[in-house]
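Notes for the one structure printed next.
Bear in mind that the values in this text are calculations on the coordinates, not laboratory data. Everything numeric in this text was worked out from a predicted model, so none of it was measured. With ideal geometry, Cβ positions are generated from the backbone for all residues, glycine too; neighbour counts draw on all protein chains shown.
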Amino acid sequence: MPNDALIRVAQHLVEADIRWVVLELNHEASSARLAPVWASPAVMFALDREFGADGWWLEAGDVAGGTYVAVSFANHRRSVVATSPRFDLHVDLLTGQQPNGLIDNVKTAWLHSVALEAMGLPLDVHVEDDGWVAWENGRPTSPLPAVDVALRDAATASDVPDTQPQAASGGDDAASEAVKSEGQQAIDRLVERLRGEGHGVEVAKIVSSFGGYGTTPEERRALYGELRSLLKRQQEGTSDAN
């Protein structure tokens, strides 16, 4: 039977969340082969929503034959060894809407996508022309490949528990929360947690840089990603101190 938890994770990921990594260049460096990955903020939002910000974590390291990626979630652990893209190519990650736009932290996006695959949610796509595009001076000079996107129905591991999100309750507060989007509620929870842990100044700077919640779904995902990165840095700092 399909696992409801992973199906809900998949439902948070949409085609607009796809980014691109460079796999290889041809011998003359006149063509590049690209591959789609999920943007990190989208993956973090989806997994946080289902398992909680402390309910999953990612580990990675270089090993013989590629990069070892392990993801732990809901008392389970999945791992895989994957071949890394060409991170030395400084273009790294490209957006479908802005073919020449650069996206920071391509490696994190690739690792999060590999983690989803290890969990049983690979990005199942048909990429036109096997992902090859014309390339010049570190930029694609032809449109990005067309893709037909689907999340493969591989979320069938019966040993992964079904984790239903908790419904809000309680009078006016519940009514107020109900009018907010799911993304805004997730941002609110993360902001309150960071403020409670003494990071109010950093949070205020990040939120103000987006003008609040942001004006588009993409901006809200990016805002969530910035806040989530701040939480991760704080947790790593606490761990090092101990």
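Listing for the model above:
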item	result
Stretchable slack from residue 216 to residue 232, in nm (0.36 nm times residue separation minus alpha-carbon distance)	3.3 nm
In the stretch 1-79, the GluC sites (Glu not before Pro) that fall in loop regions by DSSP, at most 14 other Cβ within 10 Å	28
Signed unit charges on C-beta, dipole axis of the stretch 16-69, positive-most listed residue 37, 61, 51	37
Neighbour-count order for 71, 14, 114, fewest beta carbons within 10 angstrom listed first	14, 71, 114
Amide hydrogen neighbours beyond the local backbone of residue 31, cut-off 5 Å, H modeled	26, 135
Cα extents of the stretch 4-151 along the three principal axes, largest first (Å)	48, 33, 24
